[in-house]
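Below is one structure; the comments refer to it alone.
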Amino acid sequence: MIVEPLVVPGSLDGPGGDDFATFVELLNAQALREGGSDLVKRHPDNLLSQYQAQEDFRRAAFVAREGAAIIGVGYVEYDRGTQRTCEAEIAMDAAHESEQLADALWRTTEELARAEGRSVIATWSHHRYDEGGERIVPPTRAGSLRRDAVTQRLLRNGFALQQVDRGSVFDLHGSYEGVDALLERALETAGPDYRVEWWTGATPEEHLDGLAAAITRMSTDAPSGDMDVEETPWTADRLRRREARIERAGALLGVTAVIHVPTGTVAAFNELGVPADRSEVTNQYATLVLAEHRGRKLGSIVKCVGLKRWHEAVPTSPCVVTFNAEENRYMLDVNEAVGFTPIVSGGAWEKRIG
């Protein structure tokens, strides 16, 4: 077996495009085998646009070959504004999947993380949503995962489970009765000090700094269990770079924001995104209510308005997939009230290598 860096191609149709497509294919196939849902996947165009634009985020991937065939892949990535932490993932071709190959790929990610000056590796696992069998419970005591081959593999490679997430899906072509009822109650609770705005594409100039500040808070205000979390700084310029990248990939991002009228700041926001093929699954990328504005049902507002406006803008997308920490009971209550249903469990794991 030979392990070598994955060359980032100029396009999926050009030199190196087939290797990159295989990289994405193996990541998706691994997630499907482990989680059992084909709604949780990456899209080659979107991922390629991220690997091509690395001013704010460092991404380094590798492939393991046996002859000419790619039998395994992995990556390490981190926000350039952080100092210690990184995220990593591995995937194997189903015909070559083995514990020996998995261990070799995890060793490669650790070597790469050390070479990048990182001392903490985080990874996320997918599991079928069920409550049977022997369980492993995170320090948060919220949620649990089956002690299956995936958890055993991560434990053997030195990772500790820190948090359990729930992946849920909302049918964009189904009923909106729950959405409408929750939105009406939430707007009454929020009162006149809060105003809702929604847009796709470029962020309005008057909200650039406020949204950048809110996204920065996402790294520290969102529930993270016992994970080692570093603040990831966002600026107006960084937001514009992200928007340009999304546009180049042909994707679409929709943002719902609640504005605190007395100060003009962004108090809460929600992001929904779909790739160039608008008939694909929509992913929710972030939902946050800033800590100082909680208790006013702003999370319900951005969630409900986002779903309604998104279905109007992208009527061909079948559903929205979102992940929430099991200890984030407020947002899970919102999801359940509007009609999200669980499809997969996720594990947030961490390994300290410093």
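No lab work stands behind these numbers, since they all come straight from the coordinates. What you are looking at is a predicted structure, and each value in this text was computed from that prediction instead of being measured. Please note: Cβ atoms are built from the backbone with ideal geometry, for glycine as well, and neighbour counts cover all protein chains shown.
Determine the shape class of the range 128-179: with a ≥ b ≥ c the square roots of the Cα gyration tensor eigenvalues, call it rounded for a/c under 1.5, and otherwise prolate if a/b is greater than b/c, oblate otherwise. Mind dumping the intermediate values first?
Numbers: a/c = 2.82, a/b = 2.52, b/c = 1.12.
Taking the square roots of the gyration eigenvalues as a ≥ b ≥ c, the range 128-179 is prolate.
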* Stretch gain in nm, segment GLU111-ALA149, where the contour uses 0.36 nm per residue and the Cα spacing is subtracted -> 11.3 nm
* Point-to-point label distance, GLU206-GLU66, nm (Cα→Cβ direction, 7 Å offset) -> 6.1 nm
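Given R₀ = 22 Å, FRET efficiency for GLU292-MET227 by Cβ-Cβ distance, to 0.05?
Calculated value: 0.45.
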* Structure fact -> Among GLY117, VAL305, THR203, the residue whose Cα sits farthest towards the positive end of the charge dipole of the chain (+1 at Cβ of Lys and Arg, -1 at Cβ of Asp and Glu, taken about the Cα centre) is GLY117
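Suppose R0 equals 35 Å; then what is the FRET efficiency for HIS173 and GLU131 from their Cβ-Cβ distance, rounded to the nearest 0.05?
Values: r = 29 Å, r/R0 = 0.83.
The pair HIS173/GLU131 has a calculated efficiency of 0.75.
Equivalent-ellipsoid semi-axes (√(5λ), Cα gyration tensor) for the range 1-156, whole Å, largest first? Kindly include the intermediate steps, with their values, before the conclusion.
On the way: eigenvalues 133, 73, 50 Å².
Three semi-axes, in Å: 26, 19, 16.
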* So how do THR265, THR109 line up by other beta-carbon neighbours within 10 Å, fewest first? -> THR265, THR109
* **Residue among ALA257, ALA181, ALA286 with the largest mean-square fluctuation in a Gaussian network model of the chain, springs linking Cα atoms under 10 Å** => ALA181
* Asked: Of THR216, THR256, how do they rank once you tally other Cβ atoms within 10 Å and put the fewest first?
  -> THR216, THR256
* Describe numerically, in nm with one decimal, the distance between label points set 7 Å from Cα along Cα→Cβ at ARG80 and at ARG329. => 4.2 nm
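Can you pull out the GluC sites (Glu not before Pro) in the range 217-290 whose DSSP state is coil and whose Cβ has at most 16 other Cβ atoms within 10 Å?
Working: sites: GLU230, GLU231, GLU243, GLU247, GLU271, GLU280; in loops: GLU230, GLU231, GLU280.
Those satisfying the criteria are GLU230, GLU231.
Between SER279 and THR220, 0.36 nm times their residue separation minus their Cα-Cα distance comes to what? Mind showing how you got there, number by number?
Details: separation 59, 0.36 × 59 = 21.24 nm, distance 3.35 nm.
The SER279-THR220 span can extend by a further 17.9 nm.
Only four residue types carry charge here, +1 at the Cβ of Lys and Arg and -1 at the Cβ of Asp and Glu. Report the dipole size of the chain about the Cα centre in Debye, rounded to the nearest 20.
Numbers: 38 positive and 55 negative charges, 102 e Å.
It comes to approximately 480 debye.
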* Exposure proxy check: LEU239, LEU105 ranked by fewest other beta carbons within 10 Å? -> LEU239, LEU105
* Give the distance, in whole Å, between the Cα centre of the range 129-200 and the Cα centre of the range 274-290. => 15 Å
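Counting pairs of alpha carbon atoms under 8 Å apart in space and at least six apart in sequence, what relative contact order in percent does the chain give? Don't jump to the answer; show the numbers that get you there.
Working: 702 pairs, mean separation 76.6, N = 354.
RCO, the chain: 22 percent.
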* **For a label point 7 Å along the Cα-to-beta-carbon line of HIS96, residues of the range 52-69 with backbone N under 12 Å** => 63-69
* To do: Match the structure shown to one of the listed values [x] 17; [y] 21; [z] 12 of percent of Cα pairs over 37 Å apart, computed from it, and give that label.
  => [x]
* **Rounded to 5, the percent of DSSP beta bridges in the chain classed as antiparallel** => 95 percent
* Cα-based shape type of the range 64-135, given that a ≥ b ≥ c are square roots of the gyration tensor eigenvalues and the cut on a/c is 1.5 -> oblate
* Structure fact -> Lys and Arg at +1, Asp and Glu at -1: neighbours of THR22 with Cβ under 14 Å from its Cβ sum to -4
* **Pairwise label distance in nanometres, GLN54 with ASP18, each label 7 Å out on the Cα-Cβ vector** => 2.4 nm
